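The values are calculated or read from the model by the stated rules, or taken from the named source; none is laboratory data. The structure presented is a predicted model; accordingly, all values stated were derived computationally and were not measured. Note that each Cβ is placed from the backbone with ideal geometry, even for glycine, and that neighbours are counted across all protein chains shown.
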Amino acid sequence: MAILVPIIPCVCIFLFCLLIGFIGNTALIIATIQNKHLHNANNILIALSAFGDILHQAGHIPFAYFIFTGITFTPLRTCIWIQLLPNFGLNFAMAILFFTGIDRSMAILKPLRYRTMRRRISVPAMTIPAALYAVVILILACIYAINNDGKVICVLVAIYSGQFDWIWGILATLVNLATIILYAVLSRIIVKAETSNRNFELLQTLKIAVAFVGMGHLASTTIYMVTNEEYRNAFRRQFKKLPCLKNTVNLQTKHTMQQITTVH
């Protein structure tokens, strides 16, 4: 077993971000529980999103353990079991953010009807579809990995194998795009309708959260592309499919990763 020395700083950054995220999301959940003014449906959904993010961030811990102990590769099926809950949190938080936007849409467009809705109905109505989406994604990931005996670097998204790798990527992109578009439309509606400051402030908070989600995905993509040759090659193959870049992408493999210094 060998420790991949060059990527240890990246792993430490992951763990540092995990610590900050865990503290922030835990504080948000505790604040929601303790403050009676935050016991409405929308704030409960935001707290559930924070809980999903905590599960998601926990997926970096096994990855760090394997890197620090020199266990670079893990059987895919083992990795699926290890990263099962973190991936549930990842997909659940992604979906619940969209359904939180739907909840805000109802509050803004149909305020009288929204006020008559019971919290016991509105919260499950938004939470159950998000949970089902996350569960279905995990079931499909397991199905696609049934006949796969390969080994992977057990990062969070390593469980998506074969064709389901890009299928999941497209689904995640569509969910995030739908969320961004939804909040953009709601922003325009609020500006034109001059609704209450409460709706405006809460939507501004959610928009910031969505912006960080988008920047997070962009940062993750950039880090993987810079530090890992396999990701670089995969991204080049994706770029080659774009008509405007078809003749400009060089797919020649560079062998720099083969010269990594290791500590036994």
- Task: Taking the options ILE71, ILE82, name whichever one is touching a strand residue (DSSP E or B) at 6+ places or on another chain (Cβ under 9 Å) and among the hydrophobic types (A, V, I, L, M, F, W, C).
- Result: ILE82
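Test LEU15 against the criterion of being more than 30 Å from ILE121 (Cα to Cα) and part of a helix (DSSP H, G or I), and give yes or no. Walk me through how you get there before you give the answer.
Numbers: more than 30 Å from ILE121 (Cα to Cα): yes; part of a helix (DSSP H, G or I): yes.
So LEU15 fits the description; yes.
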- Note on the structure: Sole miss for GLY21 among (1) touching a residue at least 60 places away in the same chain (Cβ under 8 Å); (2) in a helix (DSSP H, G or I); (3) of a type outside the set (Val, Ile, Thr) is condition (1)
- Is the stretch 61-73 home to any residue that is part of a helix (DSSP H, G or I), surrounded by 15 or more Cβ atoms within 10 Å (Cβ to Cβ), free of Cβ contacts under 8 Å to residues at least 60 places away in the same chain and not small (Gly, Ala, Ser)? no
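Examine the stretch 76-90 for a residue that is hydroxyl-bearing (Ser, Thr, Tyr), farther than 26 Å from ARG188 by Cβ and crowded, with 16+ Cβ neighbours inside 10 Å, and state whether such a residue exists. Spell out how you get there, then give the answer.
Step one: list which residues in the stretch 76-90 are hydroxyl-bearing (Ser, Thr, Tyr), which gives 78.
In the following step, the residues that additionally are farther than 26 Å from ARG188 by Cβ were identified as 78.
Pick out the ones that are also crowded, with 16+ Cβ neighbours inside 10 Å and you get none.
No, that holds for no residue.
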- Check GLN163 against each of (1) surrounded by 15 or more Cβ atoms within 10 Å (Cβ to Cβ); (2) modelled with pLDDT under 90 and name the one condition it does not meet. (1)
- If you check ILE20 against the conditions, is it among the β-branched types (Val, Ile, Thr) and either closer than 25 Å to VAL136 by Cα or in contact with a helix residue (DSSP H, G or I) (Cβ under 7 Å, 6 or more places away or on another chain) (or both)? no
